[in-house]
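Undergrad: For reference, the structure I am asking about is given below.
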Amino acid sequence: MPASLLDRFKNRRMILSPAADCSRDTPIAAVPDHDAACRHIRPMFDFWQSLLAALERIAMLPSLIHSVFTSLPSRRRMRDAVRTYDRTMDDLLREIQSLLESPLEPAKLLHMSGKLQEQFAPKLQASDICMLPSYNDTLPTGLEQGTYLALDVGGSTFRVAVVELKGKQPGAKSMRIVTMKSYKIDNIVRNLRGNAFFDWMAEKIEAALSDPQVQNLNGTKTFGMGLAWSFPVEQTSIRSANLLMMGKGFRATEGTLGQDLSELVMAPCRKRNLPVRIESIVNDCSATLLSRAYEDPSTRFAVILGTGFNVAVHLPVSALASSKYKGYPQKWLDQAEHVLVNTELSMFGKDVFPRTRWDEQLNDAHLRPDFQPFEHMISGRYLGEVVRLIIVEAVRTAGLFSGELPAKLEEPYSLDTGTLAAMELDESKFFTHATALFQSMHPLSKPPTHDDIHFVRQVAQLVSHRAAAFLAAGIHSLWKLMIHSEGLAPAEAGKIAIGCNGSVIEKYPSFRELCQSHLDELTTASGTEPNLISLEVAVESAIFGAAVAVCCLEE
C-alpha cells in the first residue's frame, strides 16, 4: 500500500465545494473561476447580514426584511439570510476534521496500542467474557483433502454447503463449494421454540443432501459436518458446546438453554437417517482465521468487521492463565502448544480512544453504555449513527439542508452505513447518484444541494477514516501481544496475514486500504520491515472455515 494514500486522504479534506457561492464564508481566491460579481456582492451580503441581526433584535417587520434582500441572487440566499446560524458550514467542517483527524498521528495511535495492551493483561488472567481460548489448537497445513458438509447459522440466513478441499495444486483453487443452499431465517423461523428450530435445520440439511450432485459425489459415505455458529455458546470440546441465549428474537433456547448444541442438531438428523456427524463447532471469527490459514499458512489473525466487530488470534497456550483452561481434557493440555483465542476485542478501549461530543452522545443513549467501546468507534452499526448525530448538529447550528432535518433522521440509527458507503463511491462532479440516493432515503422538501452532499460525504470520509486508523491500532496491540508471547522482538517477527470478513472491511470505500496504511506506519515505527502484516479478504469464510475446522481434526 503506497504511503501516498494517507496523504491523498488528508489533502482532499476541506476542499470546498465548486458550487460555493457568495452566501458562504468562502475566500474568493479559493474558487478561481468564481464570477467576478462575487467581489461586489460578498461585502454587500456581509453588511446586510449584520444589519439583519440588529433588525431582528428590535423586532422589525418581516416585510422590511424581505424588501432589503430582494436583490440577492437567489431565494436560497434570502432564506439563509433571514435565518442566522451559530457558525458557517465550513467552520463546522474544519472543527469536525480537527476532532476526528488529530488522534490519527502515528505516535498517538502507538500510545492507544500500548493502552490496549495494558487492558489485555488482566483479561488474559481471568475473564469469562473476553480473551476466551477455544479447543482449536491446530492450524491447517493447506495439504488436507476431503469433502465436508458445512453449516453456517447467522442472524438472517442458514446455509448448507458441500465443500471440497483439494490441497495445494498448481493452477487450481484449493477450496471449492460444490453446492450450497441458502435458507432465509425470517420471523416465523425465529419464533420456532426449542427443538422445533433444530428440526427445521435438519429438514433443510436433508433437502440439501437430496441434491443429485451431492449424492453422486459422496455416495453412501457419511459427511463430516462443521458448524459455524454466530451466537454465544459455552464451548465444552471441539465438537460440543452448551447453548446460550441467542438474542435477536430467536426462541430456539426455550427449553433447550444449556443443552449440548451438537446433540440438538444431531438428534433430528438421526431421526431422518441423514448420513452426517457433527465434528466441529466454531464461531465466525475462528472460521475466518481457519479458512484463510488453509490458503496462506502465515495467517495468525482474523478480523470480523461488519455490523459487529471481533478479532481472533493464534497465541501460545502459555499466553493465557491456566485457570482459563478449566475443564479442558488433560490430553488436550499435554499436546496443545497454541490455541485460537476469541478476543472479543469490541469490549476493550474504554478511556483509550478519544471521544468527541458525538461519541459521548451515542454512548450516553446506548442501552449498554461502555459495554463495547471499541465497537462503538468502528463497526457498521455505529458509523452511520455518528454521522447522523453530526448531521443533526449541522442542520441546527450551521444551516445544512437550509435548516431542514429529514424527519427520519430524528430517529436514532436511521442513517445506514451502507448509504454512506454508496455516497462516498460517487465521485462525479455533481454527486448526482449520491444526491438521488440521499433524497430517496431521507426526503427533504427540496432536494439537497451540491454543498449539502459535499458536507455529508466529507463527514462520512472523516468518520470512516478514523475507524480504519483505530482498527489498525487494535491489530497492532494484538500483534505486540502475540510476538511478546512468542518471545520475539519486533525485528525478529516474520510476515503474517490477517483474514478479513464483514461488510465494512470488505466493501466500505478505501477502508481496508487505509487501515493497511496505518498498520504499515505502526509496525515500521515498532522496528520491523515494511509491509510485515497484510490484510487479506477471506471469501465465504464461515462456510470454508467450518469445513477446514473438520479437516484439522483428521490424522
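No value in this document is a laboratory result; all are computed from the given coordinates. What you are looking at is a predicted structure, and each value in this text was computed from that prediction instead of being measured. Here Cβ is always computed from backbone atoms with ideal geometry, including for glycine, and neighbour counts include all displayed protein chains.
Undergrad: Measuring from label point to label point, each 7 Å out along Cα→Cβ, what is the D199 to E506 span in nm?
TA: Spacing of the two 7 Å Cα→Cβ label points: 3.4 nm.
Undergrad: Using mean Cβ contacts within 10 Å as the protection proxy, how do 156-169, 179-192 order, highest first?
TA: Taking the mean over residues of other Cβ atoms within 10 Å, the ranking is 156-169, 179-192.
Undergrad: Could you work out how far apart the two model spin labels at E263 and Q215 are, taking each label as a point 7 Å from the Cα in the direction of the beta carbon, and quote it in nm?
TA: Each label point lies 7 Å from its Cα, and together they span 3.3 nm.
Undergrad: Provide, as a two-decimal number, the C-alpha radius of gyration of segment 367-427 over 2.2 N^0.38 Å, N being how many residues it has.
TA: In units of the 2.2 N^0.38 Å rule of thumb, it is 1.23.
Undergrad: Which length gain, in nm to one decimal place, applies between Y413 and T179 when the Cα-Cα distance is subtracted from 0.36 nm times their residue separation?
TA: 80.6 nm
Undergrad: Now a separate question. If one computes the Cα centroid of segment 165-237 and of segment 354-415, what distance in Å separates the two points?
TA: The two parts, judged by their Cα centres, are 39 Å apart.
Undergrad: At 7 Å along the Cα-to-beta-carbon direction for both N531 and D186, put a label point, then send me their distance in nm to one decimal.
TA: It works out to 4.9 nm between the two label points.
Undergrad: While we're here: If r is the Cβ-Cβ distance from A321 to H111 and R0 is 30 Å, what FRET efficiency results, to the nearest 0.05?
TA: E between A321 and H111, to the nearest 0.05, is 0.65.
Undergrad: Sticking with this one: Between H484 and Q119, what length comes free when the chain is fully extended (0.36 nm per residue of separation minus the Cα-Cα distance, one decimal in nm)?
TA: 129.9 nm is the gain from fully extending H484 to Q119.
Undergrad: What is the gain in length, in nm to one decimal, between T307 and E254 on full extension, counting 0.36 nm per residue of separation less the C-alpha to C-alpha distance?
TA: Net length gain for the segment: 16.5 nm.
Undergrad: I would also like to ask the following. Using 15 Å as the cut-off for backbone N distance, which residues of segment 102-144 belong to the label zone defined by a point 7 Å from the Cα of A172 along Cα→Cβ?
TA: Answer for segment 102-144: 143-144.
Undergrad: Hey, another quick one. Among S379, F430, T397, which residue has its Cα positioned farthest towards the positive end of the charge dipole of segment 362-448, with +1 placed on the Cβ of Lys and Arg, -1 on the Cβ of Asp and Glu, and the dipole taken about the Cα centre?
TA: F430
Undergrad: Evaluate the Debye formula for segment 431-555 with equal point scatterers sitting on the alpha carbons, no solvent, and hand back log10 of I(q)/I(0) at q = 0.14, 0.15, 0.23 Å⁻¹, in q order, two decimals.
TA: Evaluating at q = 0.14, 0.15, 0.23 Å⁻¹ gives log10 I(q)/I(0) of -0.79, -0.85, -1.25.
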